Structures are given as structure tokens and as C-alpha cells.
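Scroll down for the structure; my scribbles are underneath it.
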Ligand code: 13P
């Protein structure tokens, strides 16, 4: 049985007071560990203050990005040690906004995943096709390449530490969710692709979460799918009531 992950990716939103307020509400509403792992991914500035609020709670903290080098002259970048120091347990790697707006390639993401694993951070590795890929019938080819290149030279034991997030680019921030069946089909394909490295016994325990216009209304039908193990929530994860609603529905 897989514990689903429900994660809020706050992207470039929330000042420290806003992030702390949300974290306090979350801690009050979900004080005990449950059968859903709750994760919040604040912006860098709010990581430590959010950690101070959540340190004695079951809620986990994720960073949204990182650099693969341990230290050095990389102005504007952040290292894994800094993230661990700030209280992170997870790190989102390869979000489509990083890939498309900031030029991150599969090779760079592979270096990031390896550095994250080395530092003990658990990667939430994002993959997903564009609308163009889907319409031209190459969606699965694109996803397969992202997985193969992202996981290049990573051992099976390390792959077991990774959670995958299927985020079709055309569904992010657009209000267009993949239908539960479209998402299930992609999640199944991702699990099969991972199984070529890990074998089915382990791939069946890999957490694969869905992201792209998730909200309290569509969570139930997505979570009903056998290969969907949670959600990576953008817009609806900025509002406490919506995010709490998504968590409660996922606990069924
Ligand atoms: P939305 O939920 O706003 O579509 O964003 C999804 C996302 O990018 C989460 O990482």
C-alpha cells in the first residue's frame, strides 16, 4: 500500500508572513500523521520560517529547485546542504517551468537528481509532455526520454527514493485537467518505464503523483485511478481551504 503524497507547490508566491500563516493553519488542521503525506514547497525565503512552524508536525517541506554543485561561484543558486539546513526533506526537480522558462535540460536534471540523492533529499521528479507532443502522438516517447535521461546512471536503490510527478504541460495553470483516464494511462506508462529499471515489484511501490489544474472538485476522480498516488498542486495549493479540501478527499 502506497501512502499518497499531496504537495502544494507555491511557486513564486507568498511572503514570509503569508507562508507562516498557511503553515500554522495546516498544522492545526492536520496535527497527526495520517495515510496521506502532506508536503509544502514554499519559496526559498520562507523555507526556514515554515520549518520553524512545522518542525514538530507530520507535514513535510520541499524546495522547488536546487543546484547540483555543492558550493562555489554560482550567483543566485542554492545548494542541497542549504536546503537540508533550512528543513527540506524533498526537492522538486524538473518542473516544466524550469525546463521551458529557464532552459533546464534532461542532462542538468540528471545532475540535480544525483546531487539531491547524495545529500539525502528526496527528489519529486517532474515529467510531462506539451500540447504539441500530445497532438502529434509523441507524448509517451517524450515522457520516456525524460525518465531515461533524468535517471541516467542512477542505481535502482536510489531510484526507489524518487517520487515522480506527471504534469502534462498543457494542464498546468490552464484549468484543463487531464481526464482521469488520460492521467491513468500516462501514470501506467511511467510505472512500466520505471519497472524496466526496478522490476515490477518495486515499481508498483513507486509514488507517481499528478499535477495540472488539480482542485477539490477533480481530486476524487483522479485519486480513484490505480496508478495515481497523489497530487502536485499549484494554484489550488495557495488557498488553505482548497488545499485542505484536496487532502481530505485524498484520505478516503
Ligand atoms: P496548477 O495546479 O496551477 O495547474 O499547477 C500545477 C503545477 O505546476 C504544480 O507543480
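Would you mind getting me the FRET efficiency between residue 152 and residue 251? Use the beta-carbon distance for r and R0 = 35 Å, nearest 0.05.
Numbers: r = 36 Å, r/R0 = 1.03.
The computed FRET efficiency comes out at 0.45.
How large is the convex hull of the C-alpha atoms of region 29-135 per residue, in Å³?
Roughly 131 Å³ of hull volume per residue.
Quote to one decimal, in nm, the extra length available between residue 188 and residue 32 on full extension: 0.36 nm per residue of separation minus the C-alpha distance between them.
On the way: separation 156, 0.36 × 156 = 56.16 nm, distance 3.12 nm.
That works out to 53.0 nm of additional length.
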* Structure fact -> Helix-only [θ] at 222 nm, the chain, -39500 (n - 2.57) per DSSP H run of 4+, per residue, nearest 500, equals -13000 deg cm²/dmol
* Structure fact -> Among 131, 238, 109, the residue with the largest mean-square fluctuation in a Gaussian network model of the chain built from Cα contacts under 10 Å is 131
* Structure fact -> Taking only the Cα positions of region 102-143, the convex hull volume per residue in Å³ is 83
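Taking the beta-carbon count within 10 Å as an exposure proxy, list 209, 143 from fewest neighbours to most.
Ranked by crowding around the Cβ, least crowded first: 143, 209.
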* With each label point set 7 Å from Cα along the Cα-Cβ vector, what nm distance links residue 89 and residue 201? -> 2.7
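Order the peptides 113-125, 239-251 from the highest to the lowest mean number of other Cβ atoms within 10 Å of their residues.
Working: 113-125: 21.3, 239-251: 18.8.
The densest-packed peptide leads the list: 113-125, 239-251.
Just the projected area, averaged over all directions, of the convex hull on the alpha carbon atoms of region 161-234: how many nm²? Walk me through the numbers on the way to the answer.
Values: hull surface 18.5 nm².
Its Cα hull, projected and averaged over all orientations, spans 4.6 nm².
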* **Computed over the chain, Cα set: Rg, Dmax in Å** => 16.8, 49
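Taking only C-alpha pairs under 8 Å that are 6+ residues apart, what is the relative contact order of the chain in percent? Spell out each step's value before the answer.
On the way: 476 pairs, mean separation 51.7, N = 252.
Dividing the mean separation by the residue count of the chain yields 21 percent.
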* With springs only between Cα atoms under 10 Å, which of 195, 236, 178 fluctuates most in a Gaussian network model of the chain? -> 195
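Please compute the contact order of region 48-172 in relative form: average sequence separation of alpha-carbon pairs under 8 Å and at least six residues apart, divided by the residue count, as a percent. Intermediate values should be presented prior to the final figure.
Values: 173 pairs, mean separation 30.0, N = 125.
Relative contact order here is 24 percent.
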* Determine the relative contact order of region 102-179: mean sequence separation of Cα pairs under 8 Å and six or more apart, normalised by residue count, in whole percent. => 39
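All of the numbers you see were taken from the coordinates with simple rules; none came from a lab. The structure presented is a predicted model; accordingly, all values stated were derived computationally and were not measured. Methodologically, a virtual Cβ is constructed for each residue, glycine included, from the backbone with ideal geometry; neighbour enumeration extends over all protein chains shown.
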